[in-house]
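Report on the structure given below.
The values are calculated or read from the model by the stated rules, or taken from the named source; none is laboratory data. Note that this is a predicted model, so its numbers are computed, not measured. No Cβ is skipped: glycine too gets one built from the backbone with ideal geometry, and neighbour counts run over all protein chains shown. Only protein heavy atoms, including side chains, enter the accessible area calculation; ligands, DNA and RNA are left aside. Shrake-Rupley method; radii C 1.70, N 1.55, O 1.52, S 1.80 Å.
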Amino acid sequence: QEFTANVSHELKTPLTSISGYAEIISENIAKPEDVPVFASRIHKESVRLINLINDIIKLSKLDGPAEMIFEETDLNDIANDAVNSLHLAAEQKNVVVTVHGQKTVVKGDKGLLFELVYNLCDNAIRYNRENGKVDVSVYSNENSAFIKVTDTGIGIHEDEQSRIFERFYRVDKSRSKETGGTGLGLSIVKHIVEQHKGSILLKSSVNIGTEITVRIPF
């Protein structure tokens, strides 16, 4: 019930905005010079809706019966692919993203592991500061593989750190809306880690940055 209420609220907000701007344009109330601005806002809210719906679908699949394909997968390749996919987002924020590591093979679902690393890196870029840095490390010991994502972003207060993996929980609500965050990325990460029998370690300091380490057992 709580999830349904949250989803309804999250969907209603951008839809209300889209409906309002579209009505102003359709009834010729808007000044000609304002139309491009309103159209841009409609587009931005539409993208936000699409991202939100996509994340809800992903969570729904993760909540359902497992349909995973476990195969030998190189986490270092996945990390590089995820960072390359986020190249434009990092460039727009002037955030430098680097990947350090070596071939690290685990048995896992390649698509889900990509989603895991992508979401961690996306958050690290999204909540970073201008000209910030994100460092992605892939390494292993005799028992497990590790993916560590460290950023120079806004950080998370200690009393909020236990809640950031909850659905729709946002550390900085105004900034999350501004950057287009859905509030579901880290919840998806948590689910994927659980599906792979792994664990997550979070370290964060306000105005210094955040470090999230995911362990995937061999």
Can you report the number of residues in segment 66-112 which are touching a Phe, Trp or Tyr at 6+ places or on another chain (Cβ under 6 Å) and β-branched (V, I, T)?
1
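Consider S40 carefully, then state whether it is under 27 Å from D122 (Cβ atoms), at pLDDT 90 or above and among the hydroxyl-bearing types (S, T, Y). Give the steps one after another, and end with the answer.
Working: under 27 Å from D122 (Cβ atoms): yes; at pLDDT 90 or above: yes; among the hydroxyl-bearing types (S, T, Y): yes.
Answer is yes for this residue.
Would you confirm, using the coordinates I've provided, whether L86 is touching a residue at least 60 places away in the same chain (Cβ under 8 Å) and on the phi < 0 side of the Ramachandran plot?
no
Taking only segment 58-80 into account, find how many residues are of a type in the set (D, E) and buried (at least 16 other Cβ atoms within 10 Å of the Cβ). Step through it out loud before you land on a result.
Looking only at segment 58-80, we keep the residues that are of a type in the set (D, E), and these are 63, 67, 71-72, 74, 77.
Remaining after also requiring buried (at least 16 other Cβ atoms within 10 Å of the Cβ): 74, 77.
Final tally of qualifying residues: 2.
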S204 - would you say it is modelled with pLDDT of 95 or more, assigned to a strand (DSSP E or B), surrounded by 20 or more Cβ atoms within 10 Å (Cβ to Cβ) and among the small types (G, A, S)?
yes
Suppose we filter segment 106-136 for residues that are more than 18 Å from the chain's Cα centre (by Cα), surrounded by fewer than 23 Cβ atoms within 10 Å (Cβ to Cβ) and closer than 22 Å to I188 by Cα; how many remain?
3
Among the residues of segment 94-102, is there at least one that is farther than 15 Å from D77 by Cα and open to solvent by 50 Å² or more (accessible area, probe 1.4 Å)?
yes
Report, by residue number, each residue of segment 141-160 that is open to solvent by 60 Å² or more (accessible area, probe 1.4 Å) and within 26 Å of L62 (Cα to Cα).
N143
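Residue check: is I212 at pLDDT 95 or above, part of a strand (DSSP E or B), over 16 Å from the mean Cα position of the chain (by Cα) and surrounded by 13 or more Cβ atoms within 10 Å (Cβ to Cβ)?
On the way: at pLDDT 95 or above: yes; part of a strand (DSSP E or B): yes; over 16 Å from the mean Cα position of the chain (by Cα): no; surrounded by 13 or more Cβ atoms within 10 Å (Cβ to Cβ): yes.
Judged against the criteria, I212 is not a match.
Given K44, K58, K110, K31, which one is touching a residue at least 40 places away in the same chain (Cβ under 8 Å) and over 28 Å from V193 (Cα atoms)? Quick ask: steps written out before the conclusion?
Values: K58 fails: over 28 Å from V193 (Cα atoms); K110 fails: over 28 Å from V193 (Cα atoms); K31 fails: touching a residue at least 40 places away in the same chain (Cβ under 8 Å).
Exactly one residue qualifies, and that residue is K44.
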Hey, I164 of a type in the set (A, V, I, L, M), open to solvent by less than 50 Å² (accessible area, probe 1.4 Å) and modelled with pLDDT under 95 or not:
yes
